[in-house]
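Here the structure is laid out as structure tokens; the discussion comes afterwards.
The values are calculated or read from the model by the stated rules, or taken from the named source; none is laboratory data. Since this is a predicted model, take the numbers as computed values, not measurements. As a convention, Cβ positions derive from the backbone with ideal geometry for all residues, glycine included, and neighbour counts pool all protein chains shown.
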Ligand SMILES: [Zn+2]
């Protein structure tokens, strides 16, 4: 589970979660979320807490992963036609369990969780793929493949919303017309 925190509020978020009962890490370098010198397949969080030894809450600062969303904390989740942020329970903008499997979108009776809209998520994965091509490129590419495979409805993602170079890469990935790496 990962949360993206507005710049400057990471320590405050960590403190709130710790006071709520989640544990600080006591595993040192052996922790899968350690920032130490071990091979990794995804970026280490700046801070993390534990639910159990194997399960963690990862905290990233916005400028590390979602710098393409200027108004992460304040964007309305019901903006139209191109929201930056949506609710994880949004039945109009997220596929259901029939398409996503598992639980699909969040049930609407849970506490509202704000997530990047589909076009912002694709854009972020491409920016991160460009930045991390030599380190975590396969991780961001697998996220993009997931979006290309499962997010097929125009109601959920209209590729015309993507910035031009992102649209070219995503279209190449979906159609197989060209290597998406040609657009990095
Ligand atoms: Zn840990």
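Which one of these does residue 15 not meet: (1) more than 10 Å from the ligand (Cβ to nearest atom); (2) touching a residue at least 24 places away in the same chain (Cβ under 8 Å)? So the condition that residue 15 fails would be (2).
Residues that are assigned to a helix (DSSP H, G or I) and at pLDDT 95 or above: does region 19-40 have at least one? Yes, that holds for at least one residue.
Please work out if residue 132 is within 16 Å of the ligand (Cβ to nearest atom) and within 29 Å of residue 31 (Cα to Cα). First the steps, then the outcome.
Details: within 16 Å of the ligand (Cβ to nearest atom): no; within 29 Å of residue 31 (Cα to Cα): yes.
Answer is no for this residue.
Each row is one residue, and each column tells you yes or no for (1) at pLDDT 90 or above; (2) more than 23 Å from residue 6 (Cα to Cα); (3) surrounded by 13 or more Cβ atoms within 10 Å (Cβ to Cβ); (4) in the same structural domain as residue 184 (by TED's automatic domain parsing).
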{"site": "93", "(1), (2), (3), (4)": "no, yes, yes, yes"}
{"site": "105", "(1), (2), (3), (4)": "no, yes, yes, yes"}
{"site": "124", "(1), (2), (3), (4)": "yes, no, yes, yes"}
{"site": "127", "(1), (2), (3), (4)": "yes, no, yes, yes"}
{"site": "140", "(1), (2), (3), (4)": "yes, no, yes, yes"}
{"site": "144", "(1), (2), (3), (4)": "yes, yes, yes, yes"}
{"site": "153", "(1), (2), (3), (4)": "no, yes, yes, yes"}
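Filtered by the rule that a residue be surrounded by fewer than 17 Cβ atoms within 10 Å (Cβ to Cβ), within 9 Å of the ligand (Cβ to nearest atom) and closer than 20 Å to residue 135 by Cα, region 33-74 gives a lone residue, 34.
Quick check: anything in region 1-9 more than 16 Å from the ligand (Cβ to nearest atom) and loosely packed, with under 11 Cβ neighbours inside 10 Å? Steps first, answer last, please.
First pass over region 1-9, keeping only residues more than 16 Å from the ligand (Cβ to nearest atom): 4-9.
Now drop any that are not loosely packed, with under 11 Cβ neighbours inside 10 Å, which leaves 8.
Looking through region 1-9, at least one residue is more than 16 Å from the ligand (Cβ to nearest atom) and loosely packed, with under 11 Cβ neighbours inside 10 Å.
Of all the criteria given as (1) farther than 29 Å from residue 137 by Cβ; (2) more than 8 Å from the ligand (Cβ to nearest atom); (3) loosely packed, with under 13 Cβ neighbours inside 10 Å, the one not satisfied by residue 26 is (2). For region 43-59, state whether one or more residues are in contact with a strand residue (DSSP E or B) (Cβ under 9 Å, 6 or more places away or on another chain), farther than 18 Å from residue 17 by Cβ and not assigned by TED's automatic domain parsing to the domain that holds residue 170. Within region 43-59, one or more residues are in contact with a strand residue (DSSP E or B) (Cβ under 9 Å, 6 or more places away or on another chain), farther than 18 Å from residue 17 by Cβ and not assigned by TED's automatic domain parsing to the domain that holds residue 170.
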